[in-house]
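Have a look at the structure below before the remarks.
The values are calculated or read from the model by the stated rules, or taken from the named source; none is laboratory data. Since we're looking at a predicted model, the values are computed, not measured. As a convention, Cβ positions derive from the backbone with ideal geometry for all residues, glycine included, and neighbour counts pool all protein chains shown. In case anyone asks, the SASA skips ligands and DNA or RNA and just uses the protein heavy atoms, side chains included. Shrake-Rupley method; radii C 1.70, N 1.55, O 1.52, S 1.80 Å.
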Amino acid sequence: MVLLQYIFGGVVASLLGFLLLLRHRHAKKNESGKAGIHAVRTQTAGAGSRCSADVIVVGAGVAGSALAYTLGKAGRRVHVIERDLAEPHRIVGEFLQPGGYLKLIELGLEDCVEEIDAQRVDGYALFKDGENTKLSYPLEKYGSRVAGRSFHNGRFVQRMREKAASLPNVRMEEGTVTSLFEEKEVVKGVIYKSKAGEELQACAPLTIVCDGCFSNLRRSLCSSKVEVPSSFVGLILENCKLPFPNHAHVILADPSPILFYPISSTEVRCLVDVPGQKIPSIANGEMPKYLKTVVAPQIPSELHDAFIAAVDNGKIKTMPNRSMPANPLPTPGALLMGDAFNMRHPLTGGGMTVALSDIAVLQNLLEPLHDLHDASSLCKYLESFYTLRKPVASTINTLAGALYKVFSSSPDQARNEMRQACFDYLSLGGTCSTGPVALLSGLNPRPLSLIAHFFAVAVFGVGRLMLPFPSPKRIWIGARLIASACDIIFPIIKAEGVRQMFFPATVPAYYRRSPTQ
């Protein structure tokens with residue numbers, strides 16, 4: 001019996017030893033296989049890589065082209081990758097505020113609005129219920145050439161691209177960027193498909209994503225949720241004259257505003273705002289019917305016939321209006337800019353002004369840096385960008401969101417009183433007109449001034465209600481008007497960041513110094 005136990009124990013021990021040996025050999029084989037796969041992947045990614053740039057710019061729209069030129073002029077080697085280098089055709093990005101024009105001058109790009117039949121814009125004309133008022137930009141302190149500009153977006157973009165590509169250290173290539181690639185949690189560049197369909201890799205110490213509102217790279221660099229409050233329906237009116245030449249026209253219509261502004265010497269852009277995410281169908285004729293029956297009766301008589309002709313022409317385009325506050329995820333080796341990073345309702349035409357201002361801020365930050373390869377230090381240093389951009393960006397973003405809500409009609413009587421108060425306040429002239437217009441135009445980007453004027457409108461509205469005498473109903477509507485004003489402005493300010501917007505000097509990144517070279 002004892003002998004049988006020893007024999008049985010020996011057999012079991014031998015089997016266990018044999019199984020352990022097989023497992024060890026299998027594990028070594030797997031590790032060898034994994035190493036081989038990793039080596040193949042690394043080699044494949046490296047095949048066709050282009051590592052001859054200091055900065056990769058993804059997208060060559062207004063932001064990308066302006067950024068490429070600015071960095072290239074500063075001596076950086078820039079590789080721009082754009083999905084389609086043909087002239088774009090868009091119904092937004094056609095209006096540049098005077099503050100944006102000043103940034104064009106600062107960046108050396110002011111000649112890009114020349115030779116494209118761009119139109120000078122000196123202010124706004126506001127229409128409501130048969131009344132109108134003219135609001136001029138406060139341009140007395142600036143040279144005679146400083147004003148707003150409106151144009152065909154595609155012509156402007158092509159001029160910017162040509163300007164950037166004229167620099168010997170800027171390489172502009174047509175290709176579709178599919179993803180960023182990382183090593184040890186640092187972005188090293190992008191993977192893209194060339195125009196011929198070949199998958200390539202481009203390397204640089206800094207990748208700046210400027211591929212617009214439809215960006216597919218945003219998710220890994222930004223945590224903001226995109227909202228779509230409405231859509232623009234775009235038409236071009238031909239050979240008609242605006243009631244106020246060289247002015248953008250805003251009609252406070254029902255249910256939301258309508259815009260008119262010249263984009264060439266013979267064409268006027270019309271943008272009809274349609275609230276909500278669902279709009280009438282163009283294909284089945286609902287949209288033309290909506291434009292003729294709902295919109296046409298509310299526009300100035302001087303534009304009515306040209307508007308109907310444009311609808312009958314059938315060249316109707318639509319564009320969702322997106323809104324997204326800047327909420328970045330600081331990532332070593334990468335940065336977001338333009339509409340890929342921060343959007344606001346396009347009612348005020350402030351998008352290009354914000355983008356050009358951001359480029360000026362970034363260039364000033366990068367100017368003392370000769371080497372961009374220390375990704376971790378560079379990422380910490382560039383956190384100051386998000387604070388330094390706030391005065392311009394947050395003012396224009398907040399005003400755009402607030403004005404859209406104020407200018408839209410509402411079943412709430414208090415909201416409609418706020419709308420009327422805004423029109424009457426702007427019609428007063430003097431500071432009541434020039435103050436808000438200076439904010440809108442980017443000439444005076446001060447958040448505190450914005451808050452002061454916004455609540456001045458609300459108080460003015462309450463004052464109107466109290467005349468000739470304050471009945472209980474009027475007092476109640478006045479209280480709701482103030483509450484409505486708070487409901488409009490405070491969520492927008494919260495999304496922009498109270499501390500960065502009003503107290504930037506308290507943010508540690510505000511004082512961040514450049515890394516030692």
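Assorted remarks:
- Per residue, the Cα convex hull of the chain amounts to 250 Å³.
- Each Cα pair under 8 Å and six or more residues apart adds its sequence gap; the mean of these over the residue count of the chain is a relative contact order of 16 percent.
- Segment 252-278 and segment 386-448 have Cα centres lying 18 Å from one another.
- Rounded accessible area of residue 455 (nearest 10 Å², 1.4 Å probe): 50
- If R0 is taken as 35 Å, the Cβ-Cβ distance between residue 145 and residue 317 corresponds to a FRET efficiency of 0.65.
- For segment 67-114 and segment 150-195, distance of Cα centres in Å: 12
- Placing +1 on the Cβ of every Lys and Arg and -1 on the Cβ of every Asp and Glu, with no other charges, gives the chain a dipole of roughly 1440 debye about its Cα centre.
- Additional length obtainable on full extension of the chain from residue 241 to residue 115, 0.36 nm per residue less Cα span: 43.2 nm
- Computed over the chain, the per-residue total of -39500 (n - 2.57) for DSSP H runs of n ≥ 4 gives a 222 nm mean residue ellipticity of -14000 deg cm²/dmol, rounded to 500.
- All-pairs Cα distance distribution in segment 167-322, expressed in whole percent, bin size 5 Å: 2, 7, 14, 15, 12, 9, 9, 10, 10, 7, 4, 1, 0
- Kyte-Doolittle mean at least 1.6, axial Cα span of 27 Å or more - DSSP H helices of the chain: 447-465
- Compactness relative to 2.2 N^0.38 Å, alpha carbon Rg of segment 280-404: 1.53
- Label-to-label distance, residue 162 versus residue 214, with points set 7 angstrom from Cα along the beta-carbon direction: 2.5 nm.
- Given charges at Cβ of Lys, Arg, Asp, Glu: the chain dipole, positive-most of 362, 333, 251: 333
- Note on the chain: dipole from Cβ charges, positive end direction compared against 180, 324, 143; the farthest Cα belongs to 180.
- One chain, two ends: residue 186 and residue 383. Fully extended at 0.36 nm per residue, the span grows by 69.4 nm beyond their Cα-Cα distance.
- If you count Lys pairs in segment 288-392 whose Cα atoms are under 20 Å apart, skipping same-chain pairs closer than 8 places in sequence, the total is 5.
- Sites residue 327 and residue 431, calculated FRET efficiency, Cβ-Cβ separation with R0 30 Å, nearest 0.05: 0.30
- For segment 265-317, size of Cβ-based charge dipole, Lys and Arg +1, Asp and Glu -1, in debye: 220
- Volume per residue of the convex hull around the Cα atoms, evaluated for segment 333-457, comes out as 112 Å³.
- Accessible area per residue for the chain is 47 Å², calculated with a 1.4 Å probe on protein heavy atoms, without ligands, DNA or RNA.
- Computed from label points 7 Å out along Cα-Cβ, the spacing between residue 301 and residue 282 is 3.2 nm.
- With eigenvalues of the C-alpha gyration tensor scaled by 5 and rooted, segment 126-199, Å: 43, 19, 16
- Net charge dipole, segment 162-298: roughly 200 debye, given to the nearest 20, about the Cα centre with Cβ charges of +1 for Lys and Arg and -1 for Asp and Glu.
- Most positive-pole-ward Cα, 444, 89, 133, against dipole of the chain from beta carbon charges: 444
- Length gained on full extension, residue 370 to residue 289: 23.2 nm, using 0.36 nm per residue less the C-alpha separation.
- Quarter of Cα convex hull surface for segment 162-248, i.e. mean projection, nm²: 10.8
- Solvent exposure of residue 159, expressed as accessible area, is near 60 Å², computed with a probe of 1.4 Å over the protein chains only.
- In segment 404-517, one over the average inverse separation of all distinct C-alpha pairs is 16.0 Å, which is the Kirkwood hydrodynamic radius.
- Listed peptides 208-216, 457-465 appear in the order 208-216, 457-465 once ranked by packing, highest mean of other Cβ atoms within 10 Å at the front.
- Formal net charge of residues neighbouring residue 427 (Cβ-Cβ distance under 14 Å; K, R +1; D, E -1): +1
- Isotropic mean projected area of the C-alpha convex hull, segment 288-344 (nm²): 6.1
- Mean separation of Cα pairs under 8 Å and 6 or more residues apart, divided by the residue count, gives segment 317-378 a relative contact order of 34 percent.
- Surface composition of the chain: carbon and sulfur atoms hold 56% of the protein heavy-atom accessible area at a 1.4 Å probe.
- q = 0.30, 0.34 Å⁻¹, segment 335-378: log10 I(q)/I(0) [Debye, one scatterer per Cα]: -1.08, -1.18
- Relative contact order for segment 89-238: 18 percent, from Cα pairs under 8 Å spaced at least 6 residues apart, divided by residue count.
- Taking every DSSP bridge with both residues inside the chain, close to 70 percent are antiparallel.
- Solvent exposure of residue 222, expressed as accessible area, is near 10 Å², computed with a probe of 1.4 Å over the protein chains only.
- Translational diffusion coefficient of segment 228-280 (Stokes-Einstein, Kirkwood radius from Cα pairs, 37 °C, 0.692 mPa s): 278 µm²/s.
- Kirkwood analysis of the Cα pair distances in segment 38-192 returns a hydrodynamic radius of 18.0 Å.
- Fraction of the pair-distance distribution of segment 445-502 above 15 Å, Cα-Cα pairs, percent: 54
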